[in-house]
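Student: Pasting a structure here, questions to come.
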Amino acid sequence: MRRLHWLHAVLHTATLPALVLVVGAQPASDKEELFGASSGGVGAAQVEARSAPADLGGAGYRFTVTNGIARVPVVVVGGTPYQMGWHLGRLMQAEIKSFVPAVLEGFKRELKVTDDVLDQAWATTAAYTDDRFEQQLVGLAAGAELPLRTLQHAHCLPLLMPYSCSAIAAWGTATEDGHLYQTRNLDWSLEAGAHEFPVLAVHLPDHGHAHVLPTFAGMIGANCGLSAAGIALSEMGDSPAKERPYNTHAPHFTTWFRTILYDAGSLSDVLDTFRRQPQTKRYHFVFGDGRAEKKAVKIRANSLEPAPRDIVVWGDDDAADELAPNVLSCVVYQDEGRGAFPTLRQQHGKLNADKLIALACQIPIKGGNVLNAVFDATALRLWVSYAGGSLEAYQRPFVFLDLATLDGDGDGRPDLAEGGGDRDHNGRPDFLEVPGVK
């Protein structure tokens, strides 16, 4: 793994209170209302975020999950995309300001790209990107008090960089309880220091499914994720650096993952959305559905191939799978030959969260294991480890989050049930009504 020494002296983890509540009244807050119809692309990139109005709307709160030496902030935000971005930015402001400008400047030097190049990359990819993503990014800039252009450029970096990962999904007769469990290893640059700024970002949109992103301060793209509909998403990059420049006339997968998490109610919905996306480069994906259709698929996507060779979809126990004959019923996986199959075969029928945590820690690319996640897409739970200090993610404890038990206002009704809407129009979203406050 190439070492990026330029970040060592500038990345410092910030400390914030364990719990912060931010609540406001409810206005219209679309980015178009802030910047006008020309807000997409480079024009919007020149506008710096201003202080949010007092009647912003939406809400958010923050706490920390721990396990031994592991401490990971959880930020729960609700409302419109802009409002969720603003509250996420304000609640993670110290970490975002410490991390994003430094990592952006470092990678600009490493990749030898200028601000003008990043402006053009954003302007191109934004034409294909879900408007809700762009609206949240505008809100994030305002809440974090950073220039919007800085955050747009940071979200261009995944378009320009190679990386490699792994993923497994197991369900039905492969697991001890029939739940769908899905893993994700993010093997990337440890020297970038992103793992020192972790966050589990829970989104409760006013429209669409709630979802959680294991991510990093200031990064709202989904490198993986789990929705309240039981949709789990994992990705593996296949394009080496020699294939650059990658196609920017497409949305990055981290943005259309968000579209899927918002909108998809089943695996069929996921595949329908996926097939409409032009691809930026070569990938493998694992898409799981733990609630509606209760199964998963593995996909190989190659933007360099013409249709229909550009997309290949495999189900479980598929003799056509590239890994055949090492395939099993109710299992799909991609590990680049790092040895998952013997364990999957031996523990078939007995797989559970603990066993998949152990397996996820068995197959990462050592020297670059930034994040590991295991999702229970049926019960809506997740276990996540981030690298920290001198230890990689596979060497550190996993923290646990049960989405179904989140209850920010302590009223006995889970946040997922109440949602980020404001049914009584009192200026506070339903998940944070705050008992006793009128």
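Student: Could you give every pair whose Cβ atoms fall below 9 Å, whose first residue belongs to segment 171-182 and is touching a residue at least 40 places away in the same chain (Cβ under 8 Å) and under 17 Å from Gly315 (Cβ atoms), and whose second residue is acidic (Asp, Glu) and surrounded by fewer than 24 Cβ atoms within 10 Å (Cβ to Cβ), counting only separations of at least 6 or pairs across chains?
Tutor: Every condition considered, the pairs that remain are Trp171/Asp316; Gly172/Asp316; Ala174/Asp316.
Student: Collect the residues in segment 104-114 that are more than 12 Å from Ala154 (Cβ to Cβ) and part of a helix (DSSP H, G or I), keeping them in residue-number order. If you could, list the steps in order and put the result at the bottom.
Tutor: Quick first cut of segment 104-114, residues more than 12 Å from Ala154 (Cβ to Cβ) only: 109-114.
Hits for segment 104-114 are Arg109, Glu110, Leu111.
Student: Still on this structure, I have one more. Mind checking whether some residue in segment 126-136 is open to solvent by 10 Å² or more (accessible area, probe 1.4 Å) and within 20 Å of Thr64 (Cβ to Cβ)?
Tutor: no
Conditions tested, residue by residue: (1) modelled with pLDDT of 55 or more; (2) assigned to a loop (DSSP other than H, G, I, E, B); (3) open to solvent by 10 Å² or more (accessible area, probe 1.4 Å); (4) within 20 Å of His203 (Cβ to Cβ).
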{"site": "Gly40", "(1), (2), (3), (4)": "no, yes, yes, no"}
{"site": "His87", "(1), (2), (3), (4)": "yes, no, no, yes"}
{"site": "Ile96", "(1), (2), (3), (4)": "yes, no, no, yes"}
{"site": "Ala102", "(1), (2), (3), (4)": "yes, no, yes, no"}
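Student: Just to verify a result, which residue in segment 402-437, among those that are open to solvent by 60 Å² or more (accessible area, probe 1.4 Å) and hydrophobic (A, V, I, L, M, F, W, C), is modelled with the lowest pLDDT?
Tutor: So the residue we want is Val437.
Student: Where residues in segment 295-327 are of a type in the set (Lys, Arg) and touching a strand residue (DSSP E or B) at 6+ places or on another chain (Cβ under 9 Å), which of them is least open to solvent (accessible area, probe 1.4 Å)? Talk me through it step by step, then tell me what you get.
Tutor: Quick first cut of segment 295-327, residues of a type in the set (Lys, Arg) only: 295, 298, 300, 309.
Those left that are additionally touching a strand residue (DSSP E or B) at 6+ places or on another chain (Cβ under 9 Å): 295, 298, 300.
Values: Lys295: 89, Lys298: 0, Arg300: 91 Å².
Among those that are of a type in the set (Lys, Arg) and touching a strand residue (DSSP E or B) at 6+ places or on another chain (Cβ under 9 Å), it is Lys298.
Student: Report the residue count in segment 357-401 for those that are open to solvent by 40 Å² or more (accessible area, probe 1.4 Å) and part of a strand (DSSP E or B).
Tutor: Result for segment 357-401: 3.
Student: For residues that are out of contact with any strand residue (DSSP E or B) (no Cβ under 8 Å at 6 or more places or on another chain) and among the small types (Gly, Ala, Ser), tally how many sit in segment 382-405.
Tutor: 2
Student: Are any residues in segment 328-356 open to solvent by less than 40 Å² (accessible area, probe 1.4 Å) and hydroxyl-bearing (Ser, Thr, Tyr), and if so, which ones?
Tutor: Of everything in segment 328-356, those that are open to solvent by less than 40 Å² (accessible area, probe 1.4 Å) and hydroxyl-bearing (Ser, Thr, Tyr) turn out to be Tyr333, Thr343.
The values are calculated or read from the model by the stated rules, or taken from the named source; none is laboratory data. Everything numeric in this text was worked out from a predicted model, so none of it was measured. All Cβ positions, even for glycine, are placed from backbone atoms using ideal geometry, and neighbour counts span all protein chains on display. The protein model used for the area step is the full one, side chains on, heavy atoms only, and it has no ligands, DNA or RNA in it. Shrake-Rupley method; radii C 1.70, N 1.55, O 1.52, S 1.80 Å.
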